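Only the coordinates and a few stated rules stand behind these numbers; no lab work does. Given the structure is predicted, the values throughout are model-derived calculations rather than measurements. Every residue, glycine among them, receives a Cβ derived from its backbone with ideal geometry; neighbour counts consider all protein chains shown.
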Amino acid sequence: MQTHDKMSGRVALITGAGRGIGKGCAIELARTGATVVINDRPGSPDLDQAAQDIRSLGGRCTTIAADVFSRQGCEDLVAEAVKQEGQVDILVSNPARSIRHGFLECDPAEFHDVINGTLAGGFHMSQLVARHMVERGGGGKMVFISSVHAEIAIPGNVSYAAAKAGLSHMAQVIANELIEHRINVNVIEPGWIDTPGEYVLHGEKTVREGGPRMPWGRLGLPVEIGKAAAFLASDDADYITGSVLTVDGGFRSMVGR
């Protein structure tokens, strides 16, 4: 890892960081010199490996397993992060439950699971971290990982699209309320990203064949979302708040054609 000290002394908390986009964000924030606190669900087979990968590249990393789909889990995570590192300067809120289904076939219980895991989880984490930041003073940075599904009405994704649309809009409301505290709040809406979850959701054949059909000729990479998150969490983005940054390699333009 080629690191620098741009954000040395800052602590970044990243949820859902065991693999995929969350891990990509953690790696890139560690690259900037931030100490990263990475979270995944209890019993995750990925969390320790993610930490090992970050440390092997020269990054400073702490792991905390917690269920961010529940208020209690979020409270435990924030309290432990503050206990271990003394503060949280940056939050990358990346909780998501990705169950895809059409409207007529959608099971009500699964609908609520997706809304709870993605939208409510994002609310709980951001509120708790924001309260900590306000109490400490000195501002902070919050980045929500949403999706282009928040903007595009793609069939077969009714609960996921609703959750991500709510997440993107909620983040902009939060941004407006936290301006007086100098807490920057922004959103990243990734397109189709090459993560382990996509292979589970769609199957390897669909993912492999889908990449070359993208406008950019390939799927996005978790590290590319991580670079966007690291920018929004840096002083370079100090005058940016309430914005939605699409990182999709032109995916939305393809869907719109």
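Annotations for the structure displayed:
- Spin-label model distance (nm) - ASP5 vs GLN49, 7 Å beyond Cα toward Cβ: 3.4
- FRET efficiency, 1/(1 + (r/R0)^6) with R0 35 Å, evaluated for THR62 and ILE179 via beta carbons: 0.70
- Listed by chain and number, the lysines placed with their C-alpha closer than 25 angstrom to that of LYS83 are LYS6, LYS23, LYS141; residues fewer than eight positions away on the same chain are left out.
- Once the chain from PHE103 to THR206 is taken as fully extended at 0.36 nm per residue, the excess over their C-alpha distance is 34.9 nm.
- Each of ASP194, ASP40, ASP48, ASP5 was scored by other Cβ atoms within 10 Å of its Cβ. Listed from fewest to most, they are ASP5, ASP48, ASP194, ASP40.
- Its convex hull of Cα atoms gives the chain a direction-averaged projected area, equal to a quarter of the hull surface, of 13.3 nm².
- Springs between Cα atoms under 10 Å define the GNM used for the chain, and in it the highest mean-square fluctuation of PRO190, PRO222, PRO42 occurs at PRO42.
- Rg and Dmax [Cα atoms of the stretch 87-224; Å; Rg one decimal, Dmax integer]: 16.5, 50
- This ranking places VAL173, VAL36 by how few other beta-carbon atoms lie within 10 Å of each, fewest first, which gives VAL173, VAL36.
- Mean residue ellipticity (222 nm) of the chain, computed from DSSP H runs ≥ 4 via -39,500 (n - 2.57), nearest 500: -13500 deg cm²/dmol
- Set of aspartates and glutamates with alpha-carbon distance to LYS164 below 17 Å, sequence-local pairs under 8 removed: GLU110, ASP113, GLU151, GLU189, GLU198, ASP248
- Residue order, fewest to most beta carbons within 10 Å, for ARG100, ARG10: ARG100, ARG10
- Here is what passes the span test in the chain: the DSSP H helices with alpha carbon length of 27 Å or more along the helix axis and a Kyte-Doolittle mean of 0.0 or above are 158-178.
- Max mean-square fluctuation residue, GNM over the chain, Cα-Cα springs under 10 Å, options ILE38, ILE240, ILE54: ILE240
- Multiplying the residue separation of HIS112 and ARG71 by 0.36 nm and removing their Cα-Cα distance gives an extension gain of 13.2 nm.
- Per the Kirkwood formula applied to alpha carbons, the stretch 74-152 shows a radius of gyration over Rh ratio, Rg over Rh, of 1.08.
- Cβ-Cβ distance of GLN127 and SER243, R₀ of 22 Å, FRET efficiency by 1/(1 + (r/R0)^6): the value works out to about 0.60.
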